[in-house]
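Engineer: The structure follows.
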Amino acid sequence: MRITLRGFEIFKGRLDAPAQRALIAALRPVLQAAPLVSPQTPYGKAMSVRMTSAGAVGWYSDRKGYRYMPQHPQGTAWPDIPQPVLDIWDDVTGLERRPDCCLVNYYGEGARMGLHQDKDEADFSWPVVSVSLGDDGLFRIGNRTPGGSTESIWLTSGDVVVMGGEARLAYHGLDRIRFKSSRLLSKGGRLNLTLRVTS
């Protein structure tokens, strides 16, 4: 089922249970090669999510600011984006150009992500594709400028969201998760993959 909310294309249940399990299996080598880290905001506040990346570059944040880096903070190269992840991009965008970054965010119990824009990329004409795996997450969508009314929708495991066009620079965030609402991850929590063209 496809839902459009403020320009966000939300494909509910895009990935069935076997596809979700296959995606988790494809991500395990990524997490082994590039372990999850706990980033800080430029203001020194610890984020509640843990993250890593795959691709030519990875997104990171610390006291130096938000940016893409050519290496993991430990100094190793980022692993390649797994083919099943790229297949999702191909399927929902139909674009020949592929992403050069797959940011992987892990939300444990109590984790959240405040309203923000994805604006560290060089060209906003390319969409951002988001994949939800694991526990349900309450996704909130705002406007292209701070403030104003917002709308929310629960994203469940296997949902895919495309942020393009007018939605590309809309504020969005994740207010909370329903911890252990899914059995996909043995210890509970939510994985969110966001695919981006950075340059």
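The values are calculated or read from the model by the stated rules, or taken from the named source; none is laboratory data. Remember, it's a predicted structure, so these values are computed and weren't measured experimentally. Quick reminder, even Gly has a Cβ in these numbers, built from the backbone with ideal geometry, and neighbours come from all protein chains shown.
Engineer: Report those strands (runs of 3 or more DSSP E) wholly inside region 70-154 carrying at least 1 residues which are aromatic (F, W, Y).
Structural biologist: Counting at least 1 such residues, we get 101-107, 137-141.
Engineer: Here's a follow-up. Is it true that L36 is under 16 Å from R190 (Cβ atoms), buried (at least 17 other Cβ atoms within 10 Å of the Cβ) and touching a residue at least 12 places away in the same chain (Cβ under 8 Å)?
Structural biologist: No: the conditions fail for L36.
Engineer: Can you find a residue in region 149-161 that is touching a residue at least 12 places away in the same chain (Cβ under 8 Å), within 23 Å of Y68 (Cβ to Cβ) and in contact with a Ser or Thr (Cβ under 9 Å, 6 or more places away or on another chain)?
Structural biologist: Taking every residue of region 149-161 in turn, at least one turns out to be touching a residue at least 12 places away in the same chain (Cβ under 8 Å), within 23 Å of Y68 (Cβ to Cβ) and in contact with a Ser or Thr (Cβ under 9 Å, 6 or more places away or on another chain).
Engineer: Turning to a different aspect of this structure: Test D87 against the criterion of being within 18 Å of the chain's Cα centre (by Cα), without any contact (Cβ under 8 Å) to a residue 40 or more places away in the chain and within 21 Å of G164 (Cβ to Cβ), and give yes or no.
Structural biologist: yes
Engineer: Working carefully through the options A25, A17, find the one that is exposed (fewer than 13 other Cβ atoms within 10 Å of the Cβ), in contact with a Gly (Cβ under 9 Å, 6 or more places away or on another chain) and closer than 16 Å to L185 by Cβ.
Structural biologist: On inspection, the qualifying residue turns out to be A17.
Engineer: Residues to consider are D123, D118, D90; find the one that is modelled with pLDDT of 95 or more and touching a strand residue (DSSP E or B) at 6+ places or on another chain (Cβ under 9 Å).
Structural biologist: Sole residue among the options that is modelled with pLDDT of 95 or more and touching a strand residue (DSSP E or B) at 6+ places or on another chain (Cβ under 9 Å): D118.
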